[in-house]
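What follows is a set of notes on a single structure, which appears directly below.
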Amino acid sequence: MDRPVWASLTGAHAHLAQGGRIARRYRPEVNVFVAGPDEEPETLTAMAELIRGEPAYVVQAPPIADLPGLTTVMRRAAVQMVFDGAPPAEDDTEIIPLDEAVADEMLALATLTEPGPFRRDTRLMGPFFGVKREGRLAAMAGERMHPPGYAELSGVCTHPDFRGQGLGRRLSAFKTRAILQRGEAPFLHAWKDNLGAIALYEKLGYRQRCDMNVAVFERVKG
């Protein structure tokens, strides 16, 4: 759990990975996370070699070292929260599974609302569900990292036209129950300074497990 990206890419998401023994990343069309098992020089070099084109994210509890030959675009503090409560009860009416047929709509909604790194095939990381209103995708939520025994609630977002209706809360509760019903433990990440989101998830039964570090690296062209 301290290195959820690495645990996912060497386990449940190995089929979505690029890289080898000491560094891996998600295929670019799936997501932009890169990881390694430690901070050894050879690991950091291997991670850096996997970053081409767009920036890549590193997410882990241990401090994040600079990657050789890359520019640090951002460093930001986050928290990891794990579910520790009774299954939240919310209205499941309108909630539908999302698949390839609405992949472009999912990407458009995520691009507009920025719930975290999202690509057209991010939906392959875990089941996504949503609510449609007026013929449009109004809100969605899904799964991202998948360390052994855990599944990350992620991609929770609502179109601005449909905010204030509790759709994000309902979808978060729905996904939390679905993960629990599979016998896995739900967890999530939030920016440490996003007190509103943290308070919302605490009401749903999540508690803070640990502080997390997030860094974004980019290879300078030229």
With only Lys, Arg, Asp and Glu charged, each at its Cβ (+1 for the first two, -1 for the last two), find how big the charge dipole of the chain is about the Cα centre; round to the nearest 20 debye. 100 debye
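Over segment 63-143, what is the mean sequence separation of C-alpha contacts under 8 Å (at least six apart), divided by residue count, expressed as relative contact order in percent? Walk me through the numbers on the way to the answer.
Details: 61 pairs, mean separation 20.0, N = 81.
It comes to 25 percent, rounded to a whole number.
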Expected max-MSF residue from Arg123, Arg27, Arg133 in the GNM of the chain (alpha carbon, under 10 Å) is Arg133
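Relative to the compact-globule scaling 2.2 N^0.38 Å, provide the ratio for the alpha-carbon radius of gyration of segment 41-106.
On the way: Rg = 19.0 Å, N = 66, 2.2 N^0.38 = 10.8 Å.
The reported ratio for this selection is 1.76.
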Figure the gain on full extension for Glu218 and Ile96 (residue separation times 0.36 nm, minus the Cα-Cα span) and round it to one decimal in nm. 40.3 nm
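Could you calculate the FRET efficiency of Lys192 with Asp84 from 1/(1 + (r/R0)^6), where r is the beta carbon distance between them and R0 is 22 Å, rounded to 0.05? Intermediate results must be reported in sequence, preceding the final value.
On the way: r = 19 Å, r/R0 = 0.86.
Given R0 = 22 Å and the Cβ-Cβ separation, E is 0.70.
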Semi-axes in Å, largest first, for segment 69-109 (Cα gyration tensor, √(5λ)) are 32, 24, 8
Tell me, what is the percent relative contact order of the chain, built from C-alpha pairs under 8 Å that lie six or more residues apart? 30 percent
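Tally Lys and Arg at +1 and Asp and Glu at -1 over the other residues with C-beta under 11 Å from the C-beta of Ala61: what net charge comes out?
Numbers: positive: Arg3, Arg209; negative: Asp2, Asp211.
Cβ neighbours under 11 Å give a net charge of 0.
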Could you give the radius of gyration (one decimal) and Dmax (whole number) of the Cα atoms in segment 116-199, in Å? 12.9, 39
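Under a Cβ-Cβ cut-off of 15 Å, what is the net charge of the residues other than Leu50 that fall near it, where Lys and Arg count +1 and Asp and Glu count -1? Mind showing how you got there, number by number?
On the way: positive: Arg21, Arg24, Arg25, Arg27, Arg52, Arg219; negative: Glu29, Glu42, Glu49, Glu54, Glu218.
Surrounding charge for Leu50 is +1.
What FRET efficiency do you get for Ile22 and Glu114 if R0 is 30 Å and r is their Cβ-Cβ distance, rounded to the nearest 0.05?
Working: r = 31 Å, r/R0 = 1.05.
Calculated transfer efficiency: 0.45.
Near Asp121, within a Cβ-to-Cβ distance under 10 Å, what is the net charge of the other residues, with Lys and Arg +1 and Asp and Glu -1?
Counting the neighbours of Asp121, the net charge comes to +2.
Could you give the C-alpha radius of gyration of the chain expressed as a fraction of 2.2 N^0.38 Å, taking N as the number of residues it contains? Could you put the intermediate results ahead of the total?
Numbers: Rg = 17.1 Å, N = 222, 2.2 N^0.38 = 17.1 Å.
This ratio for the chain stands at 1.00.
Please compute the per residue accessible area over the chain with all protein chains in place, 1.4 Å probe, rounded to a whole number of Å². Show your work: numbers first, answer last.
Numbers: 10040 Å² over 222 residues.
That works out to 45 Å² per residue.
The values are calculated or read from the model by the stated rules, or taken from the named source; none is laboratory data. Not measured: the values here are computed from a predicted model. Please note: Cβ atoms are built from the backbone with ideal geometry, for glycine as well, and neighbour counts cover all protein chains shown. All accessible areas refer to the heavy atoms of the entire protein, side chains included, with ligands and DNA or RNA removed. Shrake-Rupley method; radii C 1.70, N 1.55, O 1.52, S 1.80 Å.
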